Amino acid sequence: MSMDAADTADGVPDATAELWRDDLLSTLEVIEDQPLAERASAYASLHDELARRLDSGPSGSA
């Protein structure tokens, strides 16, 4: 198996995990560029999205 096809410990392919990480970093940069008064709701929305991703992911029972 090549390194490109390797899975992370949670069963998510490395390429997918990298895309999610890049997307998260990009989202955080956008939030940080917003006026302070708007950041709280943006972080709350991000929290909700991350919680949905965690809830829909693999259970991790092995």
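The values are calculated or read from the model by the stated rules, or taken from the named source; none is laboratory data. In this text the structure is predicted, and so the values were computed from the model without any measurement. Cβ: placed from backbone, ideal geometry, glycine included. Neighbour counts: every protein chain shown. Heads up: the accessible areas ignore ligands, DNA and RNA and are worked out on the full protein's heavy atoms, side chains in. Shrake-Rupley method; radii C 1.70, N 1.55, O 1.52, S 1.80 Å.
Below, the figures for the structure above:
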{"item": "Any hit, segment 40-62, residues being open to solvent by 100 Å² or more (accessible area, probe 1.4 Å), at pLDDT 95 or above and either not in a helix (DSSP H, G or I) or not small (G, A, S) (or both)", "result": "yes"}
{"item": "Segment 13-39, residues that are surrounded by 11 or more Cβ atoms within 10 Å (Cβ to Cβ) and in a loop (DSSP other than H, G, I, E, B)", "result": "Q34"}
